[in-house]
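Worksheet: the structure to be examined is printed underneath.
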Amino acid sequence: MDLFSNIGLGLDLVLNWQVLLLIFGGSIIGTLAGTLPGIGPSAGIALLLPVALGLPAGPALVFLSSIYLGTMYGGRITSILINVPGDSPAIVTAWDGYPMMKKGQGGIAMGISAISSFIGGLIALIVLAVAAPLVSQWALSFSSPEYFTMMLFGFATIASLSDKNYIKSIIMVLFGLLVGMVGMDFISGFGRYDFVPELYDGFDFVAIIIGLYGIGEVLFNVETSFKLNIKKENVKLNSIFPKWKDIKKVTASTLRGTGIGSFIGMLPGAGGTMATFLSYSTEKSVSKEPEKFGKGKMEGLAGPEAANNASVGGALMPMLALGIPGGGGTAVLLGALIVFGLQPGPRIFETSADVVWIIIVGLFVANILLLFANVFLIPFFVKIMYYGQNYLGPIIAFICLVGAFSLSYLVFDVWVAIAFGILGYILKKLDYPTAPFILAIILGPMAEDSFRQSMIMSRGDYSIFFTRPLALTFFILAILFLVYPVIKRKFKSNK
Amino acid sequence: MKKLLSISMFILLLTFAVACNTSDEESSNSDNSDGEWEPDGGITFMASYAPGGGHDTMLRTMSSVLSNEGIIDNSINVINKPGGSAAVGLGHAASQEGADDYIFSVTSSYLTTPLQGNVDHSFEDFTPIARLGEDPYIVLVNSESGISNFKEFEEFIKEGNATFGGTSTGGGSHLLALQIEEAFGANIEYVPFEGDGEVVTALLGGHIDVIADNIHASKEYIENGDMIPIAVSTQERLEEYPEVPTLIESGYDIEWTLFRGIYGPPNMPEEARAWYEEKMKELSENEKWQSEYLDKYSIKQGFMNGSEFESYLTELNSTYEEHLRTLGIIE
């Protein structure tokens, strides 16, 4: 297998105007779909699947994967502009992106995040091109015990996310576990707290985040007059693009995020979301000014954004090489592959080389197009915000409610969003952190399932978590992450 | 600038309008000029398992054959509601009561999950449409496990230390595992996973010892040598794998296949039910369907219309109930 001839093959297929047009169209549609909360990658791809079915396999899959990549770019826009993450990997983007927006640096936040997304996406694609069959073996070495200790590691990072009040964080973690527990437990097949049929599946996670962040923010701002700090001079072009020194400042964060995204993004389940959370807590831990995180710190925006887009390349590896979807978006893509009669698996790189390489090279091109499109869109979005800032409350509330409804066309999800919106308001008023809550909802059920699967595998022997190298590694990392803030504080006070 | 703003508002409103339209479909069906009933707008196919699994593959192939061969002109959307051994999917289907634009795939879990009393619905609550085929199980081990034939497999199982992976608790593969456990007289630890993809990965990574799966989910790995087929659960050997023995000829009286069929939500209007049944019959006679689904996934043709399917299930249900009772899963 020759890498260059493969890339040549891909380039040859991509470089004709029809395919390029499909990539461009897919990227733009993806960006728009990602911008609307509740649509996100899986619904975005699924909505356009019927259109793609009329095309030959290669171009159709390039089109669909461009949409996927586009939603990753689009998801960050509403996170930054109005604090409404469109999908779970975009939650972290709101933590520092929205405060930057409020400081009048929305354009810079969008620019920085576009560039980090671009770098993260590009490097992960190179990894995918060079090492997909090899690296995807990494995903195979993961099983229930590894997942469990990785979830423990995830919980440990909560400690570094919450620096103010540990008791409040713990309360929020427990509350998140409770919410995450609702629904059917597939290991026993029994339902928990599923009083209505809509809850068999548990709460829709996106409805929760739309409510918690979007509606919660609107309610909170009703008290004060809700105005963003956008002045006339902020709309001028030279102040809405990031400066070279800003980009240089976040290079290290971007690269760390890329590394985390490429590897963690590969893991089925919470790959992309886990990667963004891990990247954020890594940035906060290595930063010299961790207290500025959550108040508009560029590093806290760049790292997770790079991780988010790197996870696209990461998730494609196990999807192509093993037939395992890494998340909602790749699950629909996998379905599309199957509909086109391609069998994902280790041999897909030989049997359907043309399709695989048109996807990889096509995504490379889409990534470049998306960077330009997104940078040129900045003035557009900043101006929308400038003119719309007086009506922002009703507009956001409207977008949130429509978004919640469009998740599965259930009015129930609208009520879920409203309920969590009221909760979000109360939490913000009383200064309870939401990050531990969100993380516990994501990690809790996965930790529980993988713990029970491990226990069945080992017949109740706990040593299964310590005798497997990868599981042990995550276990040690978890302990390090727990101890690190304490040591750091000691070290500081000694100085 | 105002123009741009109004354009973006327009897009939002459009999304809203489309969304409303979808939810209103149930109430706005119209008869076409011939007086023959037809669904008005898009149709939803629901799979109770994750993408890449048997249900999902069947529905996605079905939707592409139905559209490409011009059997159904409506747009078809395949959705997945995985979890709870199809309990989540059944709950979702029950919530669609009376709908005429929604059908879903059913297999053994459709009987076993209600039997275990985990959901308030039984198969009798739903509307039978058609059975499309029967899917055999194949018992597989990892090629690095050192097990390469039935005799070695038998010895390994009888050591009483095997972990056996399958999808969901009380589902088809679980019942097969329990039957093997009983017939071999040795202890087997059954590990439930959420979907076929996870089970296959766990075996490939060497994290569990044995799986029983439908042929399509593991075909690729059998062909490239990562997995070794040990036995099949059919009456006779399969055409595709003539060298793989059946459990019956190896001295264990186990025959276990998975039915694959289509059901509608509770109280589906009869005209709609008849329409889907007719379309399914047309589908099962279609050559594309036979080559792209039945042959490709080693599924035996076995069309039954709605009422035949229902009486088949009624009989099978008591067999399952008996199995689950003997094995102590239900009281």
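When the range B:287-305 is examined, which residues are found to be within 27 Å of B:D125 (Cβ to Cβ) and within 17 Å of the chain's Cα centre (by Cα)?
Passing the criteria: B:I299, B:G302, B:F303, B:M304.
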Between a residue in the range B:88-100 that is in the same structural domain as B:A272 (by TED's automatic domain parsing) and any residue that is hydroxyl-bearing (S, T, Y) and part of a helix (DSSP H, G or I), which pairs come within a Cβ distance under 8 Å, given they are 6 or more apart or on different chains? B:L90/B:Y110; B:L90/B:T113
Which condition does A:I112 not pass, out of (1) more than 24 Å from A:M317 (Cα to Cα); (2) modelled with pLDDT under 85, if it passes all the others? (2)
Out of A:K288, A:K249, A:K295, A:K284, which single residue is crowded, with 22+ Cβ neighbours inside 10 Å and either modelled with pLDDT of 80 or more or of a type in the set (G, A, S) (or both)? A:K284
Kindly indicate whether A:I338 is assigned to a helix (DSSP H, G or I) and under 21 Å from the mean Cα position of the chain (by Cα). no
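Test B:N161 against the stated conditions and say whether it is over 30 Å from B:Y102 (Cβ atoms), surrounded by fewer than 20 Cβ atoms within 10 Å (Cβ to Cβ) and polar (S, T, N, Q). Reasoning before the result, please.
On the way: over 30 Å from B:Y102 (Cβ atoms): yes; surrounded by fewer than 20 Cβ atoms within 10 Å (Cβ to Cβ): yes; polar (S, T, N, Q): yes.
Criteria met by B:N161.
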If the requirement is being on the phi > 0 side of the Ramachandran plot and either among the charged types (D, E, K, R) or assigned to a helix (DSSP H, G or I) (or both), which of these qualifies: A:R459, A:R452, A:R489? A:R459
Please enumerate the residues belonging to the range B:91-116 that are under 17 Å from B:I262 (Cβ atoms) and facing chain A (nearest Cβ under 8 Å). B:H92, B:A94
Quick check: anything in the range B:286-307 assigned to a loop (DSSP other than H, G, I, E, B), surrounded by fewer than 19 Cβ atoms within 10 Å (Cβ to Cβ) and without any contact (Cβ under 8 Å) to a residue 40 or more places away in the chain? no
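Would you check if B:G170 is of a type outside the set (A, V, I, L, M, F, W, C), outside the structural domain of B:M58 (by TED's automatic domain parsing), at pLDDT below 85 and under 27 Å from A:P445 (Cβ atoms)? Give the derivation first.
On the way: of a type outside the set (A, V, I, L, M, F, W, C): yes; outside the structural domain of B:M58 (by TED's automatic domain parsing): yes; at pLDDT below 85: yes; under 27 Å from A:P445 (Cβ atoms): yes.
So B:G170 passes the test.
Which one of B:A130, B:A183, B:A231 is more than 10 Å from every other protein chain (Cβ to nearest Cβ), assigned to a helix (DSSP H, G or I) and more than 19 Å from B:Y49 (Cα to Cα)?
Numbers: B:A130 fails: assigned to a helix (DSSP H, G or I); B:A231 fails: assigned to a helix (DSSP H, G or I).
Answer to the selection: B:A183.
Being in the same structural domain as B:G302 (by TED's automatic domain parsing), assigned to a strand (DSSP E or B) and under 22 Å from B:M58 (Cβ atoms): is that true of B:I262 here? Give the derivation first.
Numbers: in the same structural domain as B:G302 (by TED's automatic domain parsing): yes; assigned to a strand (DSSP E or B): yes; under 22 Å from B:M58 (Cβ atoms): yes.
It is true that B:I262 is in the same structural domain as B:G302 (by TED's automatic domain parsing), assigned to a strand (DSSP E or B) and under 22 Å from B:M58 (Cβ atoms).
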Given the conditions (1) under 21 Å from A:G271 (Cβ atoms); (2) of a type outside the set (A, V, I, L, M); (3) without any contact (Cβ under 8 Å) to a residue 40 or more places away in the chain; (4) within 12 Å of chain B (Cβ to nearest Cβ), report the number of the one that A:D449 does not fulfil. (3)
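Scan A:G323, A:G329, A:G272, A:G300 and give me the residue that is farther than 30 Å from A:N16 by Cα, modelled with pLDDT under 80, surrounded by 24 or more Cβ atoms within 10 Å (Cβ to Cβ) and touching a helix residue (DSSP H, G or I) at 6+ places or on another chain (Cβ under 7 Å).
Working: A:G323 fails: farther than 30 Å from A:N16 by Cα; A:G329 fails: farther than 30 Å from A:N16 by Cα; A:G300 fails: modelled with pLDDT under 80.
Checking each option against the conditions leaves just A:G272.
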Which residues, taken from the range B:154-167, are closer than 28 Å to B:V119 by Cα and either modelled with pLDDT under 90 or in a helix (DSSP H, G or I) (or both)? B:G166, B:T167
Mind checking which pairs have a first residue in the range A:396-416 that is without any contact (Cβ under 8 Å) to a residue 60 or more places away in the chain and over 12 Å from A:I215 (Cβ atoms) and a second that is part of a helix (DSSP H, G or I) and hydroxyl-bearing (S, T, Y), Cβ under 9 Å, 6 or more apart or different chains? A:Y409/B:T22; A:Y409/B:S23; A:V411/B:S23
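Restricting to the range A:66-88, give me the number of residues that are over 8 Å from the mean Cα position of the chain (by Cα) and in a loop (DSSP other than H, G, I, E, B). Walk me through it before giving the result.
Let us first name the residues in the range A:66-88 that are over 8 Å from the mean Cα position of the chain (by Cα), namely A:66-71, A:73-86.
Filter again for in a loop (DSSP other than H, G, I, E, B), leaving A:83-86.
Qualifying residue count, the range A:66-88: 4.
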Could you tell me whether the range A:361-379 includes any residue that is within 12 Å of chain B (Cβ to nearest Cβ), assigned to a helix (DSSP H, G or I) and polar (S, T, N, Q)? no
For the range B:139-150, state whether one or more residues are outside any strand (DSSP E or B), surrounded by fewer than 22 Cβ atoms within 10 Å (Cβ to Cβ) and without any contact (Cβ under 8 Å) to a residue 12 or more places away in the chain. yes
Does B:E194 count as in contact (Cβ under 8 Å) with a residue 24 or more places away in the chain, under 18 Å from A:M184 (Cβ atoms) and among the charged types (D, E, K, R)? yes
Within the range B:199-223, track down each residue that is crowded, with 23+ Cβ neighbours inside 10 Å, in a helix (DSSP H, G or I) and either acidic (D, E) or in contact with a Cys (Cβ under 6 Å, 6 or more places away or on another chain) (or both). none
Only one residue in A:L392, A:L470, A:L427, A:L401 is buried (at least 21 other Cβ atoms within 10 Å of the Cβ) and assigned to a helix (DSSP H, G or I), so which one is that? A:L401
Tally the residues that are modelled with pLDDT under 90 and touching a Gly at 6+ places or on another chain (Cβ under 9 Å), restricting the search to the range B:101-132. 12
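The values are calculated or read from the model by the stated rules, or taken from the named source; none is laboratory data. Just so you know, these numbers come straight off a predicted model, no measurement behind them. Positions of Cβ are generated from backbone atoms using ideal geometry, with glycine treated the same way; all protein chains shown enter the neighbour counts.
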